[in-house]
Amino acid sequence: MSKPKLIVFDLDYTLWPFWVDTHVDPPFRKDKATSEVKGANQLLSLFKLDQYFSLKEIYPGSKVTHFKKLQADSGVQFREMMFFDDEQRNITDVSRLGVHCVLVPDGVTEQLTRKELLAFSQR
């Protein structure tokens, strides 16, 4: 079975059911210097999700720009990547690069992940 070399997860409404910058209370505060990167890192740790990632990079801004940076930094080709996100506009934009994109309407689940890994291997 062919597997992706790099799997990327959006955070808000993909790994957790809220936006870090608007829907949570202290200790998370909007801070122009962090763009909620600090809060997002705290949540990954609190939810014990960071243990599942060998590389963690939180990039506020354009998903396309981020994927181009990931490709340049890692050497992994776009067709060898998988991306989970809850926003159709990001799925549309990133899929144009050749990335296997997965729209996540209700958060990432084990069932969805298995289904998409199978779909990835069959392309």
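The values are calculated or read from the model by the stated rules, or taken from the named source; none is laboratory data. Please read all numbers here as calculations on a predicted model, not as lab measurements. A quick note on method: Cβ atoms are made from the backbone with ideal geometry, for glycine too, and the neighbour counts reach across all protein chains shown. Remember, those area values only see protein heavy atoms, side chains included, never the ligands or the DNA or RNA. Shrake-Rupley method; radii C 1.70, N 1.55, O 1.52, S 1.80 Å.
In table form, for the structure just shown:
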| item | result |
| --- | --- |
| Burial order of peptide ranges 86-99, 44-57 (average beta-carbon count within 10 Å, highest first) | 86-99, 44-57 |
| Segments 102-109, 58-65 sorted - mean Cβ within 10 Å per residue, highest first | 102-109, 58-65 |
| Farthest toward positive dipole pole in the stretch 39-101 [+1 Lys/Arg, -1 Asp/Glu at C-beta], among ALA72, LEU43, SER95 | ALA72 |
| Amide proton proximity set for VAL104, modelled H, under 5 Å, gap of 5+ | ASP85, ASP86, GLU87 |
| Accessible surface ranking that places the most exposed of PHE67, PHE9 first, with a 1.4 angstrom probe | PHE9, PHE67 |
